[in-house]
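The values are calculated or read from the model by the stated rules, or taken from the named source; none is laboratory data. The shown structure was predicted, so the numbers you read here are calculated from the model rather than taken from an experiment. Cβ sites come from the backbone with ideal geometry, for glycine too, and all protein chains shown count toward neighbours.
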Amino acid sequence: MRSFIILCLCGILATMTMKSIEPAKRHTARFAGTYMFGSAIHKDAEEEEHDYIGPGGTVLLYPETDSTMLFFMEVEKGEPANAIGRLTGRISLKSNKGIFMMNNPQGIPICKLSFQIEKRFLDIRTVDGLNDCGFGPGVRADNRFFRYSGEIPECYEVEGKKTCFEQTPEKKNGTAQSLPDKKTVPTINTDNQL
């Protein structure tokens, strides 16, 4: 019994120590950063809005532990509908690969995405046709997102509301959420001065 209690205390201490390691020192920090494709890259380059109107997206990856990452994703279909989808969640990484899955309230899988992270890009693909991720009509996450910045994003902003990864529901209880989609494109700020 005494050994069991000591073993439990050691496990708790190890978990607390792992979570207290600053994000930049976590094994997954090498994948952290901002990844973009399409119109998101052009918008960030401060081109005129009418210069390029098409599909685009941004994914922010935050190192939660040595084996898990939190993400914020925003993808848009482009003109004429300009539907947008936003999603936050957690992925566990093994050999640079991770799977994100979201279930409906009855526990049935409705969204399953694979994440393949390489040095300069992130590939996201729908798995098993499970693409009901709460995005707008015709919006899908499937694409190659190129690494735009290796700086660890601490927070993101959607429609003027700042959310920091350390405060997200995923960080607190391991759940995923689909954020409401709007026709306006929010500002995504990846610097640490939000």
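For the stretch 137-146, the count of residues that are in contact with a strand residue (DSSP E or B) (Cβ under 7 Å, 6 or more places away or on another chain) and β-branched (Val, Ile, Thr) is nonzero. Annotation: of all residues in the stretch 138-185 being at pLDDT below 80 and of a type in the set (A, V, I, L, M), the one that is surrounded by the fewest Cβ atoms within 10 Å (Cβ to Cβ) is Val185. Looking across the stretch 61-81 at every residue that is touching a residue at least 60 places away in the same chain (Cβ under 8 Å) and in a loop (DSSP other than H, G, I, E, B), the one that is nearest to Gly98 (Cα to Cα) is identified as Glu64. Taken across the stretch 59-80, residues that are modelled with pLDDT of 75 or more, within 21 Å of Val139 (Cβ to Cβ) and among the basic types (Lys, Arg) do occur, with at least one present. As for the stretch 105-115, it holds no residue that is of a type in the set (Lys, Arg), under 22 Å from Lys25 (Cα atoms) and either outside any strand (DSSP E or B) or touching a Gly at 6+ places or on another chain (Cβ under 9 Å) (or both). Considering Asp123, Asp128, the condition of being modelled with pLDDT of 95 or more, farther than 19 Å from Met69 by Cβ and not hydrophobic (A, V, I, L, M, F, W, C) is satisfied by Asp128 alone.
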